[in-house]
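Here, each number is a calculation from the coordinates, and none is a lab measurement. Computed from a prediction, not measured in an experiment: that's the story for all the values here. Cβ: placed from backbone, ideal geometry, glycine included. Neighbour counts: every protein chain shown.
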Amino acid sequence: MARQSLSVDDIDNLAKAITMLTRELWVVKDRVMVLEAVLEKHGINAPNEIDSHVPDSELSAKLTASREELVGNLMQALNPKPGSEAGPSGRVKPGNDVDAYEE
């Protein structure tokens, strides 16, 4: 079996995708830690509440939309269309479609 190598463009796209994911992850971790600290000051044990929470249909829809945006941005970073490079935040520029994907 022949060994496949990544092209320079593939490596650049992979680096962009990793950078985008790292930014997204840090923002989420930072906000969760701050939110948990604020809630704890008000006597709410956020980790226990989150573990037992069942989202309603409105929150489920928001979660789905947010997940799809994140995956779309990742797919764009991994396989950008010509002329539709992701911006510095890793987010796709407005007006640029992202290829459909399977979950």
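Figures for the structure shown
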{"item": "q = 0.16, 0.22, 0.26 Å⁻¹, the range 8-78: log10 I(q)/I(0) [Debye, one scatterer per Cα]", "result": "-0.76, -1.02, -1.12"}
{"item": "For peptides 15-23, 28-36, sequence by mean Cβ density within 10 Å, most packed first", "result": "15-23, 28-36"}
{"item": "Net +/- balance of residues flanking residue 46 in space, Cβ distance below 10 Å, scoring K and R +1, D and E -1", "result": "-4"}
{"item": "Residue-wise HN-Hα coupling along the range 27-35, computed from phi with Karplus coefficients 6.51, -1.76, 1.60 (Hz; x: Gly, Pro)", "result": "4, 5, 4, 4, 5, 5, 5, 5, 4"}
{"item": "Förster-model FRET efficiency, 41 Å R0, residue 63 and residue 8, C-beta, rounded to 0.05", "result": "0.65"}
